[in-house]
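Data block below; observations after.
The values are calculated or read from the model by the stated rules, or taken from the named source; none is laboratory data. Just so you know, these numbers come straight off a predicted model, no measurement behind them. Glycine gets a Cβ as well: all are built from the backbone with ideal geometry, and neighbour counts include every protein chain shown.
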Amino acid sequence: MANSSLQTHLHYYWIAQSFLTRLPVPPSKQFTDKAVGRSLLYYPAVGLLIGCILSLLAWLFANSSALLAAVIICTAWVLITGALHLDGLADSADAWLGGHGNKERIFSIMKDPRSGTAGVAAIVLLLMLKVAALATLIEQSSWGTLFFAPILARWSVLALLLFLPSAKPEGIAYLMKQNLPFDHSFAVLISLGIILFFLSPWALIITIISLLLLNYMMMKQIAGITGDTLGASIEIVEAMVLVLISV
């Protein structure tokens, strides 16, 4: 029984890792809608893995130039996630600026696989912010922020899914929202939030402020969340935590 329970937890975790990273996972034959919803509970755990990898890189390059180490870490960060969240950021930037408040036009732009000027600018600016903040944190030997930022960013996805509606009755955000185990998700959100508050209070406060701003922007633009905006939120929360802790 215990072995079966462990396999179930691992199954949900592997789904979460396959959604959030390009890291290898065991093949699965039960990629059901319910399993996708349950996997959301393990998003912060995937953030923990990413944080461990990035912190290890920071330690390995501790004696190198801070700028070089920052670029290497940021490059690894993009490779680990497969630029999935950056794609969501680009699509959201293009749609929100090009849609001019028209919900249908915003959705139409989001579906376009091509990136416009706003999307490219958003990616470049965000990566520049991350590199600059990482270089500062490395100089200060403040690796804790690098460890917590990926966890908090994926914790924020759980918060957005719990409290915001899906902007469309279709798509990955709608699928996740429909199959999200509310009670368990709320318990994970609160319990992990308390732990993170004691471990890194300022990082958690910055994350909550970022979530309030994202909440306002998403509700104003499209009255909810989409897969693209969830991806964008991960990148924005990570950057906000890194930048504001490093200043």
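Odds and ends about this structure:
- The helices (runs of 4 or more DSSP H) found wholly in segment 89-192 and carrying at least 2 residues that are out of contact with any Lys or Arg (no Cβ under 6 Å at 6 or more places or on another chain) and surrounded by fewer than 14 Cβ atoms within 10 Å (Cβ to Cβ) occupy 103-111, 117-139.
- Inter-residue pairs, beta-carbon under 8 Å, first surrounded by 12 or more Cβ atoms within 10 Å (Cβ to Cβ) and in segment 19-35, second assigned to a loop (DSSP other than H, G, I, E, B) and not acidic (Asp, Glu), 6+ apart: Thr21/Gly82; Arg22/Gly82
- Here Tyr43 does not fit the description of being under 12 Å from Asn179 (Cβ atoms) and aromatic (Phe, Trp, Tyr).
- Filter pass, Gly119 being modelled with pLDDT under 90 and not acidic (Asp, Glu): no
- Selection from segment 150-178 of residues that are in contact with an Asp or Glu (Cβ under 9 Å, 6 or more places away or on another chain) and over 25 Å from Gln221 (Cβ atoms): Pro150
- Thr75 vs. criteria closer than 30 Å to Ala135 by Cα, of a type in the set (S, T, N, Q) and either free of Cβ contacts under 8 Å to residues at least 60 places away in the same chain or in a helix (DSSP H, G or I) (or both): yes
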